[in-house]
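Heads up: the structure comes next, in structure tokens.
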Amino acid sequence: MLSYWSGIRKTGSDGKVRIQIPIPQFHGEIRLMAVAYSNERFGSTESSVKVYDDIIIEPQIPRFLTIGDELVAPVTVINTTSKEINAKVELRTEGALNLISEKIQNIRINPNSTAQAYFKINAKDNIDKGKIIIICNDKFKDTTEISVRPASPYITESGSGELRGNSEIELKLPPNFLKNNLERTLVLSRFPAIKNAKLLKNLIGYPYGCIEQTISKLFPQLYYAELAKLISPEIYSINPPVHFVKEGIKKIESMQLYDGGIAFWEGGYNSNWWSSCYAGHFLIEAKKAGYNVSEKTLNRLLSYLSKLAKQRNEYNYVYYENGKRKTTVIPAKEIFYSLYILSLAGKSDISTMNYYRARHSFLSNDSKYLLAASFANSGKWSTYYDIIPASLTTEKPERTSNGCFDSELRTNAIILNILLDKDPGNKQIPYLIKHITGLLNSAYSTQEIAWAFLALGKAAKKSSNGKISVEILVDGIIIAATVGKDISLDTRKLDGQKVLVRSKGTGEMYYFWSVRGIKTGTKINEEDSFMSIRRTYIDYRTGKPIDNTFHQGQLVLCNIKLFGGTRSTDNIAISDLIPAGFEIENPRLTALSTMLTPKANEMTIDFLDVRDDRLIIFTSLKANSTKEYNYLLRVVNQGEYRLPPINAEAMYNPEIRSTNGATRVKILPYKEKFL
């Protein structure tokens, strides 16, 4: 796109203005518009101008490549003159690309005609940008930037621990990562919660963006902004946590619906009760922290929660007791989160709270604590102590993928949060901390990680009074030192074979290291667990399946089938990465793909994310059912490309997942029937 504004310029004595317009790499027609004025008189005009060189270079290059891809890159050279031209076409590569053909080709071009030169390029073992530079007759130049994505997913390995005074620890940072795009981080802190930094790093970097995940990423940035910056400096290199909190507030407010509730996905039509509670909780805490929150949005949201809290909804609660799976009917957990949020906002619903107070023995443990905290927020501390159990039996609910996103870790973390806020001297707290810490290795969903980190972060805010100094050595050279202050080091300083942390004095420091990148020789495991995902490419015109060999210009239907196992599951994310030689025909702009999906098996789309290199679908699935989704692809660029596997995962249950279909595809030149 070309756009330029000259600003206000004065005419010369001849009444004319002469302006130099910087033209980027551009060929086509532009529109010039001018407005002139003098005192109260004005006039305007416009004119179209064609911009072109004697020789125009048009390379056929995809928007991205994958490590190991081989691209056949035709370069079309257009002669816009009335003379025959002998063209010397030279192609150079920079960055993550290699030229594997002759770099210079000579072609003859007739007047006002075109001709093509062909080059072959491959993508290095590098996750980086590359440049393709084409020069014709040493005068005309075209430069294209292209990114190279990994063939396997990013992997993060990490470790943490405690460093006492007058001791040293050698950190075993894992090898076998590609050097390019390798991220190493080492953090030392007086804050003990740094030992759980892996959870926070995963949470802040979570790739999807429903309302629940958005808020789960925001809460730690609200409470522990400095810790977040230490752990994930790459995320905050441009904007601080306060920026992300402000943007998150805007996003939440934009997702409010007519009834006052919050949609689960942007553009959604239905309010989600638990997520609306979660949003209300965050907005209230953000407001307390001094952020600008719309009173209208918050009041409408509180009104929505107040109405639902009075409805006395019940559901079948599945939990485990003494190793046995049990089911009972209890009031919806959303009721008590709603009552808690209302009490935080100073709008306690005392009559509804008293109704459940008389029936609190029938509530789940986390609901009891939320109800008790609602009374405490209302100044009724005697009722709080009446409801809180004298001794704690940790709750073991079955993990759910919708509703309140229940799990054992999340439930007990909510209880710990309540006790730390309202009753920090409670004898149940040490036991809960130990129990939750033991569950951290199974932490999976953003809901679990957010609540667990908030609870353990609050529990760990006490720090030692000792005076401890620390030195960090890489290959025997001191690269950093600190006396009792937090410190964070990045990849550049940690580039070495041996990393040693050495301390003097008294007290404790806590450390966390992480290494993130692409591992060499890593093979993606293909598996089916409680569901399976399969992808088939079909020629759109003939309806016949295609077996890894395509032709330029071919219109391809991608058929995705999702098969359910023995469990029904909500909030499934399907990620389908396409080969570099393909382009997605945006399913939002054409009805062709959806017309071919059998209505009986049509997949319900909760949210659709269309990107240059992938399609991401969010959906749900009933047990023992099959759902399908079709979308169209256009085959564009010749070459041989990696086809990554298609992946499906239940975002709130790690057991339910499927990965399948990694291979290579070949794209051959045009065939007339595909034009």
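The values are calculated or read from the model by the stated rules, or taken from the named source; none is laboratory data. No experiment lies behind these values; they were computed from the predicted model shown. In this analysis, Cβ positions are derived from the backbone assuming ideal geometry, glycine residues included, and neighbour counts consider all displayed protein chains. For the accessible areas, the whole protein counts, side chains as well, though only heavy atoms, and no ligand, DNA or RNA atoms are used. Shrake-Rupley method; radii C 1.70, N 1.55, O 1.52, S 1.80 Å.
Which of the residues spanning the stretch 42-66 are open to solvent by less than 10 Å² (accessible area, probe 1.4 Å) and of a type in the set (Val, Ile, Thr)?
Those that are open to solvent by less than 10 Å² (accessible area, probe 1.4 Å) and of a type in the set (Val, Ile, Thr): Ile55, Thr66.
May I ask you to list the residues in the stretch 552-575 that are closer than 11 Å to Arg534 by Cβ and of a type in the set (D, E, K, R)?
Of everything in the stretch 552-575, just one residue is closer than 11 Å to Arg534 by Cβ and of a type in the set (D, E, K, R), namely Lys561.
Pick from Asn624, Asn601: which is open to solvent by 10 Å² or more (accessible area, probe 1.4 Å) and on the phi > 0 side of the Ramachandran plot?
Asn624
So, in the stretch 323-361, of the ones that are of a type in the set (D, E, K, R) and open to solvent by 30 Å² or more (accessible area, probe 1.4 Å), which residue ends up farthest from Leu283 (Cα to Cα)?
Only one residue tops the list, namely Lys324.
Tell me, which strands (runs of 3 or more DSSP E) wholly within the stretch 117-226 include 1 or more residues that are open to solvent by 30 Å² or more (accessible area, probe 1.4 Å), within 30 Å of Leu439 (Cα to Cα) and of a type outside the set (S, T, N, Q)?
155-164, 168-171, 183-189
Consider the stretch 401-426. How many of its residues are within 21 Å of Asp386 (Cα to Cα), crowded, with 19+ Cβ neighbours inside 10 Å and not hydrophobic (A, V, I, L, M, F, W, C)?
4
Just one of Ile433, Ile429 is of a type in the set (A, V, I, L, M), open to solvent by 40 Å² or more (accessible area, probe 1.4 Å), at pLDDT below 95 and under 29 Å from Gln213 (Cβ atoms); which is it?
Unique residue meeting the criteria: Ile433.
Filter the stretch 268-283 for residues that are open to solvent by less than 10 Å² (accessible area, probe 1.4 Å) and not hydroxyl-bearing (Ser, Thr, Tyr); which is nearest to Arg410 (Cα to Cα)?
Here is the first cut: in the stretch 268-283, the residues open to solvent by less than 10 Å² (accessible area, probe 1.4 Å) are 274-280, 282-283.
Now restrict to residues that are not hydroxyl-bearing (Ser, Thr, Tyr): 274, 277, 279-280, 282-283.
Values: Trp274: 13, Cys277: 15, Ala279: 17, Gly280: 18, Phe282: 17, Leu283: 20 Å.
Of everything passing the filter in the stretch 268-283, Trp274 is nearest to Arg410 (Cα to Cα).
List pairs: first in the stretch 352-373 and touching a residue at least 40 places away in the same chain (Cβ under 8 Å) and over 12 Å from Asp386 (Cβ atoms), second surrounded by fewer than 21 Cβ atoms within 10 Å (Cβ to Cβ) and of a type in the set (A, V, I, L, M, F, W, C), Cβ under 7 Å, 6+ apart or cross-chain?
Ser364/Ile330
Among (1) part of a strand (DSSP E or B); (2) touching a Phe, Trp or Tyr at 6+ places or on another chain (Cβ under 9 Å); (3) open to solvent by 60 Å² or more (accessible area, probe 1.4 Å); (4) acidic (Asp, Glu), where does Asp609 come up short?
The one condition Asp609 does not meet is (3).
Output yes when any residue across the stretch 385-394 is without any contact (Cβ under 8 Å) to a residue 40 or more places away in the chain, of a type in the set (A, V, I, L, M) and either in a loop (DSSP other than H, G, I, E, B) or open to solvent by 50 Å² or more (accessible area, probe 1.4 Å) (or both), and no when none is.
Checking the stretch 385-394: at least one residue is without any contact (Cβ under 8 Å) to a residue 40 or more places away in the chain, of a type in the set (A, V, I, L, M) and either in a loop (DSSP other than H, G, I, E, B) or open to solvent by 50 Å² or more (accessible area, probe 1.4 Å) (or both).
So Ser401 ticks every box in (1) in a loop (DSSP other than H, G, I, E, B); (2) hydroxyl-bearing (Ser, Thr, Tyr); (3) under 30 Å from Pro175 (Cα atoms) but one. Which box is left unticked?
With respect to (1) in a loop (DSSP other than H, G, I, E, B); (2) hydroxyl-bearing (Ser, Thr, Tyr); (3) under 30 Å from Pro175 (Cα atoms), Ser401 is out only on (3).
Of everything in the stretch 73-87, what is open to solvent by 30 Å² or more (accessible area, probe 1.4 Å) and closer than 19 Å to Ile133 by Cβ? Give them in sequence order.
The answer is Ile78, and nothing else.
Taking the stretch 479-515 as the search range and keeping residues that are hydroxyl-bearing (Ser, Thr, Tyr) and open to solvent by 20 Å² or more (accessible area, probe 1.4 Å), which one is farthest from Glu157 (Cα to Cα)?
Restricting to residues being hydroxyl-bearing (Ser, Thr, Tyr) and open to solvent by 20 Å² or more (accessible area, probe 1.4 Å), the top hit is Thr506.
Of all residues being modelled with pLDDT under 90 and open to solvent by less than 10 Å² (accessible area, probe 1.4 Å) in the stretch 457-478, which is farthest from Thr506 (Cα to Cα)? Just the residue, please.
Within the stretch 457-478, the match that is farthest from Thr506 (Cα to Cα) is Gly457.
Pairs please, first residue from the stretch 131-155 and without any contact (Cβ under 8 Å) to a residue 60 or more places away in the chain, second anywhere and small (Gly, Ala, Ser), Cβ atoms under 8 Å, 6+ apart in sequence or on different chains.
Cβ pairs passing all conditions: Lys131/Gly95; Glu145/Gly130.
For the stretch 302-322, give me each residue that is open to solvent by 80 Å² or more (accessible area, probe 1.4 Å) and assigned to a loop (DSSP other than H, G, I, E, B).
Lys310, Gln311, Arg312, Asn322 - these are the residues of the stretch 302-322 that are open to solvent by 80 Å² or more (accessible area, probe 1.4 Å) and assigned to a loop (DSSP other than H, G, I, E, B).
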